[in-house]
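The values are calculated or read from the model by the stated rules, or taken from the named source; none is laboratory data. Bear in mind that the values here come from a model prediction, so they are computed numbers and not experimental data. Methodologically, a virtual Cβ is constructed for each residue, glycine included, from the backbone with ideal geometry; neighbour enumeration extends over all protein chains shown.
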Amino acid sequence: MKIASIAAGIKTVCIVALSLAIASPSIAQAQNYPNRPIRMVVPFSPGGAADTPGRMLMHKLSEVLGQQVIVDNRPGAGGTIGAESVAKAKPDGYTLLLISNTHVIGGSLYKNLTYDAVTAFTPVLQFGDAPNVLVVHPSLPVKSVQELIALAKEKPGRIDFVSSGNGSSQHMFASLFTTMAGVNMFHIPYKGSARATTDLLSGEVKVGFPGIAGMLQYIKNGNLRVLAVTSAERSPELPDVPTIAEAGVKGYEATLWLGIIGPAGLPKEVITKLNTSISGIIKQPDVKNALRKVGTEITYRTPEEFGKFLRSEQQKWAKVIKEIGLKVN
């Protein structure tokens, strides 16, 4: 019996030692993180509402970590191409993903995705929010949200609204508005913001929900009339403009939020290092000012908070997509 007990004990010790030997390289790598360049996949085109603030942050992160953070733009299919590449990547902290609303929207739009927008990833943090604006061409005879709603009810389906594409944030923000306000407006999707803005400025299309940063000059010059902002609170850039909720659509809130995630299974040490580094960066006054100039306000969420937020956003936009009957193959 004693010999059997001794043998069993030796076996247990060997198994534990073997487990530690196998685990120790990954633990050591996490503790020494980062010791080589990091690739930040941005599933959008360069120069966009998410790409620009993301690049600002990555430049600062390179300085703080002492390793280059390479921005890898992989646009297409509503951000799902870039997201899929990160979902399949090794969870070592050297491949990360910059995300916005489109990340959770895509899961309800594209039925053949190989990943789940929440469970296939590890949240690192949310760092920003960028409100959109509800604007109309001056030729449309409305000067408030309530007047727009009244006109849309008077002419169901005859007022057009523009977006940068099916399933884009602009499309979803407008659709949330129409469902909550109980109106029917006709959607005209474009391939990108440039042409959408051009036709909105010309009056070819009368209503839009574009990002605030690119619209300020047109609002100030009188090329477009701003009715409201989409965020829960007023924008510092347009302090006299009400929120859509204030203007009568109670409970309305939609912003282009920005955050960073990695593949599922990201080590805790890596999450902590990235979160601590980035949260420190966004507290810097020059970073706050630079981000504000491109329409992004600092909004910080911890990994745990961001994970819960992602799930709530996934449910929120899935409901909107179901209500409007939107499908993308």
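Which of the residues spanning the range 107-121 are over 11 Å from Ala318 (Cβ atoms) and buried (at least 21 other Cβ atoms within 10 Å of the Cβ)? Walk me through how you get there before you give the answer.
First, pick out the residues of the range 107-121 that are over 11 Å from Ala318 (Cβ atoms): 110-116, 118-121.
Selection gives Phe121 alone.
Can you confirm whether the range 148-158 contains a residue that is acidic (Asp, Glu) and in contact with a helix residue (DSSP H, G or I) (Cβ under 9 Å, 6 or more places away or on another chain)?
Taking every residue of the range 148-158 in turn, none turns out to be acidic (Asp, Glu) and in contact with a helix residue (DSSP H, G or I) (Cβ under 9 Å, 6 or more places away or on another chain).
Assess whether Gly165 counts as being at positive phi and loosely packed, with under 14 Cβ neighbours inside 10 Å.
Criteria not met by Gly165.
Filter the range 271-308 for residues that are of a type outside the set (S, T, N, Q) and part of a loop (DSSP other than H, G, I, E, B); which is surrounded by the most Cβ atoms within 10 Å (Cβ to Cβ)?
Looking only at the range 271-308, we keep the residues that are of a type outside the set (S, T, N, Q), and these are 271, 273-274, 278, 280-283, 285-288, 290-295, 297-298, 300-301, 303-308.
Narrowing further to those that are part of a loop (DSSP other than H, G, I, E, B): 282-283, 294-295.
Numbers: Ile282: 18, Lys283: 11, Val294: 18, Gly295: 24.
Of everything passing the filter in the range 271-308, Gly295 is surrounded by the most Cβ atoms within 10 Å (Cβ to Cβ).
Only one residue in Leu65, Leu98, Leu151 is touching a Pro at 6+ places or on another chain (Cβ under 8 Å) and not assigned by TED's automatic domain parsing to the domain that holds Lys316, so which one is that?
Working: Leu65 fails: not assigned by TED's automatic domain parsing to the domain that holds Lys316; Leu98 fails: not assigned by TED's automatic domain parsing to the domain that holds Lys316.
Being touching a Pro at 6+ places or on another chain (Cβ under 8 Å) and not assigned by TED's automatic domain parsing to the domain that holds Lys316 holds for just one of Leu65, Leu98, Leu151, which is Leu151.
To keep it simple, each residue is scored yes or no on (1) among the hydrophobic types (A, V, I, L, M, F, W, C); (2) under 20 Å from Lys319 (Cβ atoms).
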| position | (1), (2) |
| --- | --- |
| Gln170 | no, yes |
| Ala174 | yes, yes |
| Phe177 | yes, yes |
| Val183 | yes, yes |
| Thr198 | no, no |
| Leu201 | yes, no |
| Pro210 | no, no |
| Ala213 | yes, no |
| Pro239 | no, no |
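Restricting the search to the range 233-260, which residues are under 21 Å from the mean Cα position of the chain (by Cα), of a type in the set (Gly, Ala, Ser) and at pLDDT below 95?
Ser235
Enumerate the strands (runs of 3 or more DSSP E) found wholly within the range 138-250, keeping only those where 3 or more residues are closer than 26 Å to Ile298 by Cα, in contact (Cβ under 8 Å) with a residue 24 or more places away in the chain and of a type outside the set (Ser, Thr, Tyr). Walk me through it before giving the result.
Numbers: elements: 160-163, 186-189, 225-229.
Output list reads 225-229.
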